[in-house]
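To start, the structure under review is shown below, and the notes come after it.
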Amino acid sequence: RCISSEHGARAALVDPTAAVGSEAACAMGCCRDTCRCAVCCKLLLYINWMMFCEYTALWSRFIEVDWECEHPPLGGNQSGIKVLVAGFAKTGTRTMSRSLYQVGLDHSYHSEELGFYVWARLADKFWLSRNGGSWSKLPIPGSIYNIQDQDKQVLRGTSSEDLAAALSRCRVDALAFDGIEQLFFPVYDVSPDAKVLLMNWRTYEQWSKSLLTFAPELLFEIWIMGLFGGGMQALPYHAVSLPVVNWFQGGALKKALTTGGPPICQVYHGVIAQFHAATNTRRIATRWFSDIGHFPLNQKEYDSFHQQVKDRVPKQNLFEWDMRKHTFEDLCAFLEIDPCPRSGKMHRARNNFIFQRDFPYTFAASVPVMLAVHWLNWKLLGALLSICPRCRRKPREKSD
């Protein structure tokens, strides 16, 4: 009835007084409902397309670059790492990673930097060597929608020599294993002289409560930032903009990727921030859903990890760290850094929306771009939908 009375609805919308009779009124109401439904369907289509492109890394071949760390490998099955932070997520690993950077370890890596500079390239080479070099056959990145074990396979298929070489080429100074805890012992095996900070200061109950509070917050952050920044993923915009921005900044991206720094959690701006936004899912977030993390289910498993660290690491190279009482002075004394660049208690690092809150000017500069891209995508989607055939019945002719 509403479709057949479309001509009445159009007249009613132009002149409400023309809505005479129940048929015209019905037509006007149905037209409005149809418009609302069309906008909702269009919005749903747009969001799903953004998420599909983001979580499948659809345009990654046009965005990724072949630049990787180029420092000469140290050889001798040595990574060259000076400090390892042994602890689960939510035990102060991010704070410690930043503190190590602040006392002079310029390539202090958290799990984000390991994925960004080292592991992503290692994993790509692993899979490309097994699929005949076909980029289209690379595994879909891990995510909350795709939990798998692809990094576990990479770990099993990577020799200690190759792991040590990859780490040493980036001249990693320190490494925290937040969300990638199963890499600790393989990395320690190629870093025998490294000093270890054991983050066992929380009880299992305290740690479990903190993690259960943080996990939904992290998933919410991933979803929200996926929506906000997903416009650039809907089409290969980064493939065009990244080379231009990199050129304007004198090749800053190439320099960072070939030298292994600076750590993106400590220095974040310009083309490095854009490349991070473009590749975050496949270089970083995928690691947390690829079976190389370790989340103890009980007190026994929690204590067992800490005990294994104590059994493997010589006492003179081990410091059982307590975020509640230890200071920068304690850290410098353990690492034999004199004079110590910082003093007092460590400032707690943020855990949610860290790039937006720690680097507000970079984020603020990206907001107009993101909004403009969403507007452009919306217009392009509207234009695409407008050329689709409209399967509507023609209005019935009035009979005399």
- Message: Regarding segment 132-140, can at least one residue be identified that is surrounded by 16 or more Cβ atoms within 10 Å (Cβ to Cβ), at negative phi and in contact with a Leu (Cβ under 6 Å, 6 or more places away or on another chain)?
- Response: no
- Message: So in segment 201-231, with the set limited to residues that are at pLDDT 95 or above and hydrophobic (A, V, I, L, M, F, W, C), which one is surrounded by the most Cβ atoms within 10 Å (Cβ to Cβ)?
- Response: Trp207
- Hey, can you tell me all the residues within segment 256-265 that are open to solvent by 10 Å² or more (accessible area, probe 1.4 Å) and not in a loop (DSSP other than H, G, I, E, B)? Thr258, Thr259
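Matching residues to (1) among the hydrophobic types (A, V, I, L, M, F, W, C); (2) within 21 Å of Glu54 (Cα to Cα); (3) open to solvent by 10 Å² or more (accessible area, probe 1.4 Å); (4) in contact with a strand residue (DSSP E or B) (Cβ under 6 Å, 6 or more places away or on another chain):
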site: Pro236; (1), (2), (3), (4): no, yes, yes, no
site: Asn246; (1), (2), (3), (4): no, no, yes, no
site: Leu253; (1), (2), (3), (4): yes, no, no, no
site: Phe275; (1), (2), (3), (4): yes, yes, no, no
- Query: Across segment 285-319, what is the total count of residues that are more than 16 Å from Ala89 (Cα to Cα), open to solvent by 10 Å² or more (accessible area, probe 1.4 Å) and touching a residue at least 60 places away in the same chain (Cβ under 8 Å)?
  - Reply: 6
- Positions within segment 238-257 being within 18 Å of Arg171 (Cβ to Cβ) and free of Cβ contacts under 8 Å to residues at least 12 places away in the same chain, in sequence order: Lys255
- Message: Please verify whether Gly104 is small (Gly, Ala, Ser) and either under 22 Å from Ala278 (Cα atoms) or open to solvent by 10 Å² or more (accessible area, probe 1.4 Å) (or both), treating the condition exactly as stated.
- Response: yes
- Residue that is farthest from Val190 (Cα to Cα), among those in segment 331-349 that are open to solvent by less than 50 Å² (accessible area, probe 1.4 Å) and either under 30 Å from the mean Cα position of the chain (by Cα) or without any contact (Cβ under 8 Å) to a residue 24 or more places away in the chain (or both): Gly344
- Restricting the search to segment 78-92, which residues are out of contact with any strand residue (DSSP E or B) (no Cβ under 8 Å at 6 or more places or on another chain), open to solvent by less than 60 Å² (accessible area, probe 1.4 Å), farther than 15 Å from Leu122 by Cβ and not basic (Lys, Arg)? Gly80, Phe88, Ala89, Thr91, Gly92
- Note on the structure: Going through segment 352-371 in order, the residues found to be open to solvent by 40 Å² or more (accessible area, probe 1.4 Å) and in a loop (DSSP other than H, G, I, E, B) are Phe353
- Applying the selection to segment 110-141, what residues are part of a helix (DSSP H, G or I) and in contact with an Asp or Glu (Cβ under 7 Å, 6 or more places away or on another chain)? Ser111, Arg121, Ala123
- Item | Residue that is nearest to Pro296 (Cα to Cα) [pool: residues in segment 72-109 that are outside any loop (DSSP other than H, G, I, E, B) and among the basic types (Lys, Arg)] | Arg94
- Selected residue [touching a residue at least 24 places away in the same chain (Cβ under 8 Å), charged (D, E, K, R) and touching a Ser or Thr at 6+ places or on another chain (Cβ under 8 Å)] from Arg324, Arg282: Arg282
- Considering residues of segment 144-200 that are assigned to a strand (DSSP E or B) and open to solvent by 20 Å² or more (accessible area, probe 1.4 Å) only, the residue nearest to Ile292 (Cα to Cα): Asn146
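The values are calculated or read from the model by the stated rules, or taken from the named source; none is laboratory data. Computed from a predicted structure; not experimentally measured. Here the Cβ is made from the backbone with ideal geometry for all residues, glycine too, and neighbour counts use every protein chain on show. The accessibility values were calculated without ligands, DNA or RNA, using every heavy atom of the protein model including side chains. Shrake-Rupley method; radii C 1.70, N 1.55, O 1.52, S 1.80 Å.
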